[in-house]
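K.L.:
Handing you a structure now.
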């Protein structure tokens with residue numbers, strides 16, 4: 001079912017003259033992550049920080065059942081960006097993914113950009129998406145949006161939007177390490193700020 005790592009490998013082979021092999025990371029079990037509603041971000045920080053981050057924006061979002069919302073996957077600190085890939089894990093009793101679209105950062109320097117996916121499994125609570133580029137121009141630097149995700153609220157509750165298996169590759173085919181930050185959606189709930197009562 002998971003074909004995106006293979007497609008990203010194809011991009012790397014086309015872009016790089018090196019004989020090294022692109023390493024792929026396996027996503028953690030979607031059911032184990034999606035069932036975590038303890039209030040603690042279940043995303044592991046297994047990436048080596050290099051000043052670059054990939055994050056779900058906004059970090060926390062509230063909505064009501066039956067409504068659709070959109071979140072972004074943003075990158076900060078991109079350097080000659082050539083391709084990316086991520087898995088999103090969520091609680092399917094609270095949210096469904098309706099669509100994932102390629103945003104403007106990847107092709108912003110004039111390189112031809114194309115999406116990989118999405119592959120959406122609203123039963124398991126997972127979605128995979130990526131994008132690659134080709135052309136003679138350098139890849140983009142700095143900050144921008146990699147993808148936008150449209151979500152449908154299905155039931156009252158809280159669901160993490162966990163980014164897993166994030167891969168960032170520059171236009172030369174070299175893997176870039178990033179720090180990953182997940183998001184959270186509250187459906188039919190609100191985050192309360194409790195203040196001390198002065199007597």
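K.L.:
Is there a residue being closer than 17 Å to residue 68 by Cβ, touching a residue at least 24 places away in the same chain (Cβ under 8 Å) and within 12 Å of the chain's Cα centre (by Cα) anywhere in segment 129-138?
P.N.:
no
K.L.:
I'd like to check which strands (runs of 3 or more DSSP E) are fully inside segment 64-139 and have at least 3 residues that are surrounded by fewer than 18 Cβ atoms within 10 Å (Cβ to Cβ) and at pLDDT 95 or above.
P.N.:
Correct list: 68-78, 95-102, 112-121.
The values are calculated or read from the model by the stated rules, or taken from the named source; none is laboratory data. This is a predicted model, so every value here is computed, not measured. Every residue, glycine among them, receives a Cβ derived from its backbone with ideal geometry; neighbour counts consider all protein chains shown.
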